[in-house]
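The values are calculated or read from the model by the stated rules, or taken from the named source; none is laboratory data. Note that the structure is a prediction, hence the values are computed from the model and not measured. Please note: Cβ atoms are built from the backbone with ideal geometry, for glycine as well, and neighbour counts cover all protein chains shown.
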């Protein structure tokens, strides 16, 4: 584990790596979230992260971790990416109670239209989210027709994507 930790805590000597290893084994440790954010901001392999902490621990500490991370960095693609990982884990471990069935047809049509126009403009979901002031996972849910958005959000998306008419 120490060798893998060294990938994410470069510049740490052996003693500091050993201390970090102890910290990551105890989610109640005062510096746990700080060290976890360091790993999350540098790691793009969930398998490696889950060799340090369990998936259950990640699900439990993610809300506090996300809040801490937001305080130290307002914008972070990695944080949004880990939020998506968290949401997927939540679906597996603690399924959210959602109404069964398909999203309304109008949501699907609007979502498809937004996706088509975003692709035509050469924007990524992250790029569009940044311009609208949303998170990338929210754009993904809108495009899938799984998110009920306000008229204000729809107006913002239409202005950015230059959508003039919406046919339902």
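Listed conditions (1) outside the structural domain of residue 145 (by the TED database); (2) buried (at least 17 other Cβ atoms within 10 Å of the Cβ) are all met by residue 110, apart from (1). Assessment of the range 99-111 against the conditions (outside any loop (DSSP other than H, G, I, E, B) and within 14 Å of the chain's Cα centre (by Cα)) yields no matching residue.
Could you tell me how many of the residues in the range 146-168 are in contact (Cβ under 8 Å) with a residue 60 or more places away in the chain and surrounded by 12 or more Cβ atoms within 10 Å (Cβ to Cβ)? Spell out the reasoning first.
Going residue by residue through the range 146-168, those that are in contact (Cβ under 8 Å) with a residue 60 or more places away in the chain are 168.
Still in the running and surrounded by 12 or more Cβ atoms within 10 Å (Cβ to Cβ): none.
Selection size over the range 146-168: 0.
Looking at 60, 75, just one residue is out of contact with any strand residue (DSSP E or B) (no Cβ under 6 Å at 6 or more places or on another chain) and over 22 Å from residue 22 (Cα atoms), and that residue is 75. The residues listed here are 49, 36; of these, the one that is in the same structural domain as residue 7 (by the TED database), touching a helix residue (DSSP H, G or I) at 6+ places or on another chain (Cβ under 6 Å) and either in a loop (DSSP other than H, G, I, E, B) or surrounded by 13 or more Cβ atoms within 10 Å (Cβ to Cβ) (or both) is 36.
Residue by residue, here is whether (1) farther than 30 Å from residue 35 by Cα; (2) in contact (Cβ under 8 Å) with a residue 40 or more places away in the chain; (3) in the same structural domain as residue 28 (by the TED database) holds:
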| position | (1), (2), (3) |
| --- | --- |
| 74 | no, no, yes |
| 87 | no, yes, yes |
| 127 | no, no, no |
| 141 | yes, no, no |
| 144 | yes, yes, no |
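With respect to the conditions (1) touching a helix residue (DSSP H, G or I) at 6+ places or on another chain (Cβ under 7 Å); (2) surrounded by 12 or more Cβ atoms within 10 Å (Cβ to Cβ), residue 93 lacks only one, and its number is (2).
Inside the range 1-33, residues that are outside any helix (DSSP H, G or I), closer than 25 Å to residue 83 by Cβ and touching a helix residue (DSSP H, G or I) at 6+ places or on another chain (Cβ under 8 Å) make up a count of 5. Of all residue pairs spaced 6 or more apart or on separate chains, those with beta-carbon atoms under 8 Å, a first member in the range 49-60 that is without any contact (Cβ under 8 Å) to a residue 24 or more places away in the chain and a second member that is surrounded by 13 or more Cβ atoms within 10 Å (Cβ to Cβ) and part of a helix (DSSP H, G or I) are 49/39; 49/40; 49/58; 50/58. Here 85, 160 are screened, and the one residue that is over 30 Å from residue 43 (Cβ atoms), assigned to a helix (DSSP H, G or I) and out of contact with any strand residue (DSSP E or B) (no Cβ under 8 Å at 6 or more places or on another chain) is 160.
Quick one: would you say residue 123 is surrounded by 15 or more Cβ atoms within 10 Å (Cβ to Cβ) and part of a helix (DSSP H, G or I)?
Values: surrounded by 15 or more Cβ atoms within 10 Å (Cβ to Cβ): yes; part of a helix (DSSP H, G or I): no.
No; evaluated as a whole, the condition is false for this residue.
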